[in-house]
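S.K.: Pasting a structure here, questions to come.
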Amino acid sequence: MKTRTKTIHSAYPGKDAYGALAMPVYHTAAYEFDNAEIMADAFCSRVPLPDYSRVTNPTVIYFEKKVAELTGAGKVYAFSSGMAAISNSLLALCDSGKNIVTSNHLFGNTWLLLSRSFARYGIETRFCDLCNPEAVRGAIDENTVCIYAEIISNPLQEVADLKVLADIAHQAGKLLVADTTMIPFTRFSAKDLGVDLELVSSTKYISGGASTVGGLAIDYSCGKEFADRMQEMLLNFGAYMTPHVAYMQTLGLENLEARYALESANTMELAERLRTIPAIRYVNYTGLKDNPYHDIACRQFNDTYGAMICIELASPQACFDFLNRLKLVKRATNLFDNRTLAIHPASTIFGNFTPQQLRDLDVSETCIRLSVGLEDMDDVFEDIRQALA
Ligand code: PLP
């Protein structure tokens, strides 16, 4: 099956008691067993039967299987948020005394998780330039567990070369972990690029219309010990996705391709039109041919670039004035909603960061991040134009 067909038809579980066409929402905490032997087998994972919805649930398993079939993963774990997928996976990989090699160009909470939360538990993070192979090689030592990359980085839109990073990681006997939230896994294969563990905030493209918060850990090649530890994380940390969220995200996954096709085409159109507005000093979108990351994004993601645009205005006050004058575009965080959204990252997502941290992360105080929706771009462009007039 081709990808679009798969998003709809893969992993169909067969008829339930009523022949329901969609996977039913199994809103139950626990499950009954025919006898004690089967119960013991289920609890010890000798048979694939759900036992307790903190760790297994039929509706969530269905969603996980759909993602596994679409990505070619050995195992997929659905979590209660993107951050839960990231934190649980990295904790499953790292003991105290180990380190993670990554870039400063990360989503704000990921950066804080690594630099602050993990540091408290003795897991070190080494920040370097992931676009510089020598710097990455130099940061790795015997205690390094993985290279962690975010592509496309939010909001800077940096695109590291995953193949190069995979080679460096694998030559050193380490893993490559990548947060690929910005480009749907239906459009490129992280597995083929050498990623061992793909992490996705399914709140974004997959949930569709910002219906729910969720996260995915997509394991291609992390090994048996990682699988055992992930099971331990689910049991002991308890951040598994809930059945209702899995149901909503399954629906989102089914129409992901249709939404993404329109959203990414809209983004390309809007990025080009925004360049005609004099008040915008710079339009950052990797789809634009003169963007510094255009070539690598084109090669890596099969000529698709996501639906996030960052624009540079004259001053922080100009950013606030712009936001306050918007009439159609919503002042909101999140990405890949059906609606176009605008946010000033420096005063919100990074609002509690120190000036030095903002400089370390290259977060610009004159940047507005736009998440482009499904509307007609004539209307969105007109709203942006009038808000800048
Ligand atoms: N990774 C990236 C690149 C993000 O942009 C976000 C959220 O904006 C996350 C992870 C965290 O995902 P969630 O909000 O689902 O926890």
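S.K.: Express the accessible area of region 12-137 per residue in Å², computed with a 1.4 Å probe while the remaining protein chains stay in the model. Let's see the in-between values first.
M.R.: On the way: 6260 Å² over 126 residues.
On a per-residue basis, 50 Å².
S.K.: Another question about this same structure. Calculate one ³J(HN,Hα) per residue across region 274-287 by plugging θ = phi - 60° into the Karplus curve 6.51 cos²θ - 1.76 cosθ + 1.60, and present them in order as whole Hz with x for glycine and proline.
M.R.: 5, 5, 8, 8, x, 5, 8, 7, 7, 10, 9, 8, 5, x
S.K.: To continue, here is another question. Could you tell me the largest-minus-smallest coordinate of the C-alpha atoms of the chain on each of the three principal axes, in descending order and whole angstroms?
M.R.: 72, 53, 37
S.K.: For the cross-link pairs K65/K330; K65/K191; K15/K224; K66/K224; K98/K224; K174/K224, which exceed 26 Å when the distance is taken from alpha carbon to alpha carbon? All intermediate terms of the calculation are to be shown ahead of the outcome.
M.R.: Details: K65/K330 34 Å; K65/K191 16 Å; K15/K224 32 Å; K66/K224 22 Å; K98/K224 19 Å; K174/K224 15 Å.
Correct reply: K65/K330; K15/K224.
S.K.: Which translational diffusion coefficient, to the nearest whole µm²/s, is obtained for region 39-104 from the Stokes-Einstein equation, given a Kirkwood hydrodynamic radius over C-alpha pairs, 25 °C and 0.890 mPa s? Walk me through the numbers on the way to the answer.
M.R.: Numbers: Rh = 14.2 Å.
So the translational diffusion coefficient is about 173 µm²/s.
S.K.: Right, next: With r as the distance between the Cβ atoms of R281 and Q356 and R0 = 25 Å, compute the FRET efficiency 1/(1 + (r/R0)^6) and round to 0.05.
M.R.: Details: r = 24 Å, r/R0 = 0.97.
Between Q356 and R281 the formula returns 0.55.
S.K.: Over region 3-254, what percent of the accessible surface lies on carbon and sulfur atoms, probe 1.4 Å?
M.R.: 53
S.K.: While we're here: With every protein chain left in place, what is the accessible area per residue of region 257-388 in square angstrom, probe 1.4 Å? Provide the component values of the computation, followed by the final result.
M.R.: On the way: 5850 Å² over 132 residues.
Accessible area per residue: 44 Å².
S.K.: K6: which aspartates and glutamates have alpha carbons under 16 Å from its alpha carbon, excluding same-chain residues fewer than 8 sequence positions away?
M.R.: In chain and number order, the partners are E64, E69, E254, E257.
S.K.: Can you give the accessible area of L216, probe radius 1.4 Å, in Å² rounded to 10?
M.R.: Result for L216: roughly 0 Å² accessible.
S.K.: Let me ask you something else. To the nearest 10 square angstrom, how much accessible area does L113 have with a 1.4 angstrom probe?
M.R.: 20
S.K.: Still on this structure, please answer the following. If ligands, DNA and RNA are left out, what is the accessible area of D378 with a 1.4 Å probe, given in Å² to the nearest 10?
M.R.: D378 has an accessible surface of roughly 80 Å² with all protein chains in place.
S.K.: Moving to a separate point now. Post the alpha-carbon centroid distance, region 326-389 to region 75-136, in whole angstrom.
M.R.: 25
S.K.: Okay, next question. Per-residue ellipticity at 222 nm for the chain, helices alone: DSSP H runs ≥ 4 residues times -39500 (n - 2.57), over residue total, nearest 500 deg cm²/dmol?
M.R.: On the way: 14 runs with 143 residues, N = 389.
Computed mean residue ellipticity for the chain: -11000 deg cm²/dmol.
S.K.: Moving on. Can you give the three extents of the C-alpha atoms in region 135-282 along their principal axes, from longest to shortest, in whole Å?
M.R.: Largest to smallest, the principal-axis extents are 51, 43, 25 Å.
S.K.: Still on this model: Using a basic spin-label model with each label point 7 Å from the Cα along Cα→Cβ, how many nm lie between N338 and E269?
M.R.: The answer from the label model is 1.8 nm.
S.K.: What percent of all Cα-Cα pairs in region 269-372 falls into each 5 Å bin, going from 0 up to the bin containing the maximum distance?
M.R.: Going out from 0 Å in 5 Å bins, region 269-372 shows 2, 12, 20, 24, 21, 14, 6, 1 percent.
S.K.: Once you list every other residue whose beta carbon is under 13 Å from the beta carbon of R339, what net charge do they have if Lys and Arg are +1 and Asp and Glu are -1?
M.R.: Numbers: positive: R259, K327, K330, R331; negative: E263, D337, E375, D376, D379, D383.
After counting each charged neighbour, the total is -2.
S.K.: A further question follows. Between region 192-222 and region 1-64, what is the C-alpha centre distance in whole Å?
M.R.: Going from one Cα centre to the other spans 20 Å.
The values are calculated or read from the model by the stated rules, or taken from the named source; none is laboratory data. Just so we're clear, the structure is a prediction, and the values are computed from it rather than from any experiment. Backbone-built Cβ (ideal geometry, glycine too); neighbour counts: all protein chains shown. To get the accessible areas, we keep the full protein, side chains included, count just its heavy atoms, and leave off ligands, DNA and RNA. Shrake-Rupley method; radii C 1.70, N 1.55, O 1.52, S 1.80 Å.
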